[in-house]
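Accompanying notes for the structure given below.
The values are calculated or read from the model by the stated rules, or taken from the named source; none is laboratory data. No experiment lies behind these values; they were computed from the predicted model shown. Glycine also receives a Cβ, built like all others from the backbone with ideal geometry; neighbour counts cover every protein chain displayed.
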Amino acid sequence: MKKNFKFMLMALLGAFCFVSCSDDDNNDGGGGGNGSSTESGYCYIINQGNWSGNDASLQMYDMATGYASSPECVNDMFAVANKELLGDVAQDLLWVGNRLFITVSTSQKLEVLDESGKRICKHLYAAENACPRYLATDGAKVYVTNYDGYVYVYDAVSGDSLTRVYSGSYPEGISYVDGSLVVNNSNYGGYGGGVADVAIIDTESMSVSRRITEGVCNPYSESAVCDGDVYIVDAGNYSDIPSKMYKIDVENGVATALYDASMIASYDNFIYFANATYNYATYGYDYSPLYRMDVATGDVEVVIPAEKLTDIYSLDVDPETGDIYIGYAQYGILGTMRIYDAEGVQRSLFDVGYYTSGARFRN
C-alpha cells in the first residue's frame, strides 16, 4: 500500500521471469501518443485493493459527464473485459498511446491492456523478491521497477520484453528525462540488506551512470518531472527523519532537500505537494495543506487547506487542464476521488475502489 505496503511484504520465492502473451491481438497503434486526456475526454483510475485481498480494480472516468465506471473488482473494467480479477495490489498504471501498463505487485505481474481494459500481454515474475512497482516511459519503451533490483524494459506498443538493467536495492519510483532514468532505490526502508540511493541510468547504454547517496535515506514511490527536472520523495525513517521532497540534479548527481512532503505531482512549471505524517501519540495521521511551488521562482502557496486533506491517499494533476485529482482512503471501505480546479474549488466527487493509486492520464 502507499503508506505502509513495503513493510508488509513477504519474501517471494522462485528463479525466473515468465512471459505469457496473447496470440490473437488484432489491435494496432500505441506507443508515445501526443494526445491528451482532455482530447480523449477520460482518464483511468487504478485502485490497489486490500493487501492479500485480490480486489484491485480499474476504472474509467468521463470528464465531460462525470460518469465513473464501477469501482468494484468484480464489475471493474478489467474484470468485465477479461472475465477474471485484476489481482492483488495494483501499484501503478501508465497510459502510453493506446496501451495501458499496470503493475500488480503482490500478484507479481505486469499487465498490458488496450484502452477497453482487454489483455494484450501479461508478464509474470518469479525471481527472488520479485515485486513490480512503478512505471515510466520515453514514448517508445516502458520501464518498470521491481523489488528484485532490476528495471525491466518493454516495447510500448507490443508489450514485448526487451531487456533489463540492475538498478539497486528494492527500486521504487522512477522517472524518465532527456535520455536518463532516475530510480529511487529504497533499500526496503533500511531493511533490504543493501544501500539506499538514487540511480541515474543512461537509456542508450542501459547502464548506471551515477548514484546519489548523500542525504538519501529511503527514496520511495513518488517521482515527477517538472520543467526538465526530476523531483522525488524520500520517506525518511518514519520516526525522527521526516519524509521530504528532493530536487534531483541529473547532470551532476546531486539531491537538494526542499520541503517536508509524502506525495507530489507536477503540472506545467508547478510542483504540487502535501505531507501526511503518522502521529504516534494519536495513532493517526497529521495532514499538511496542499501546496503549489513555482519551480521558476521558488514561490509556494496553499491551494487546499489541511482540513480538506484528511485521509488523502493519492495526488495527481491533469496535464492539460490543471485539475487536481485527490484520492481518499479509509481502512476497510471503498474510497472517493475528489476533483478540484487550480484554485482549490471542488468540482466533482465519485466512488473509487480500495486504496486508490490515483488518476492516470495519457502520456
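I'd like the residue in region 16-51 that is at pLDDT below 95 and among the hydroxyl-bearing types (Ser, Thr, Tyr) and, out of all such residues, is farthest from residue 313 (Cα to Cα). Step by step, filter region 16-51, then rank; the result is 22. The set of residues from region 64-82 being touching a residue at least 60 places away in the same chain (Cβ under 8 Å) and touching a strand residue (DSSP E or B) at 6+ places or on another chain (Cβ under 6 Å) comprises 66, 68, 71, 73, 76.
You will find that of 88, 76, 62, the residue that is crowded, with 19+ Cβ neighbours inside 10 Å, of a type in the set (D, E, K, R), over 19 Å from the mean Cα position of the chain (by Cα) and at pLDDT 95 or above is 76 and no other. Just give me the residues in region 174-190 being over 16 Å from residue 133 (Cβ atoms) and either touching a helix residue (DSSP H, G or I) at 6+ places or on another chain (Cβ under 9 Å) or touching a residue at least 60 places away in the same chain (Cβ under 8 Å) (or both), in sequence order. Result: 177, 178, 180. Restricting attention to region 274-298, which residues are within 20 Å of the chain's Cα centre (by Cα) and assigned to a strand (DSSP E or B)? Result: 274, 276, 277, 290, 291, 292. Is region 276-297 home to any residue that is at pLDDT below 95, within 22 Å of residue 105 (Cβ to Cβ), in contact with an Asp or Glu (Cβ under 9 Å, 6 or more places away or on another chain) and among the aromatic types (Phe, Trp, Tyr)? The answer is yes; a qualifying residue exists.
Listed conditions (1) over 14 Å from residue 226 (Cβ atoms); (2) touching a Cys at 6+ places or on another chain (Cβ under 7 Å) are all met by residue 295, apart from (1). When the strands (runs of 3 or more DSSP E) confined to region 163-273 are screened for residues that are modelled with pLDDT under 95 and in contact with a strand residue (DSSP E or B) (Cβ under 6 Å, 6 or more places away or on another chain), none reaches at least 2 such residues. Just one residue in the set 255, 306, 296 is small (Gly, Ala, Ser) and closer than 17 Å to residue 221 by Cβ; that residue is 255.
In region 339-363, the residue that is nearest to residue 264 (Cα to Cα) out of those that are outside any strand (DSSP E or B) and among the aliphatic types (A, V, I, L, M) is 342. Scanning region 214-231 for residues that are crowded, with 20+ Cβ neighbours inside 10 Å and within 18 Å of residue 277 (Cβ to Cβ), we see that the one that is farthest from the chain's Cα centre (by Cα) is 218. Which one is surrounded by the most Cβ atoms within 10 Å (Cβ to Cβ) among residues in region 41-59 that are within 15 Å of residue 108 (Cα to Cα) and among the polar types (S, T, N, Q)? So, considering only residues that are within 15 Å of residue 108 (Cα to Cα) and among the polar types (S, T, N, Q), the one surrounded by the most Cβ atoms within 10 Å (Cβ to Cβ) is 48.
Selection of first residues in region 272-287 that are touching a residue at least 40 places away in the same chain (Cβ under 8 Å) and at negative phi and of second residues that are loosely packed, with under 14 Cβ neighbours inside 10 Å and acidic (Asp, Glu), restricted to Cβ pairs under 9 Å at least 6 apart or on distinct chains, gives the following pairs, ordered by first then second residue: 276/286; 278/286. Looking only at region 195-205, residues that are touching a residue at least 40 places away in the same chain (Cβ under 8 Å) and over 16 Å from residue 229 (Cα atoms) come to 1 in all.
Considering 85, 94, the condition of being under 19 Å from residue 124 (Cα atoms) and either assigned to a loop (DSSP other than H, G, I, E, B) or out of contact with any strand residue (DSSP E or B) (no Cβ under 7 Å at 6 or more places or on another chain) (or both) is satisfied by 85 alone.
Tallying residues that are touching an Asp or Glu at 6+ places or on another chain (Cβ under 7 Å), crowded, with 17+ Cβ neighbours inside 10 Å and under 25 Å from residue 275 (Cβ atoms) within region 166-213 yields 5.
Taking the stated definitions as given, is residue 336 surrounded by fewer than 20 Cβ atoms within 10 Å (Cβ to Cβ) and under 23 Å from residue 44 (Cβ atoms)? So residue 336 fits the description; yes. The lone criterion from (1) crowded, with 24+ Cβ neighbours inside 10 Å; (2) within 19 Å of residue 362 (Cβ to Cβ); (3) aromatic (Phe, Trp, Tyr) left unmet by residue 125 is number (2).
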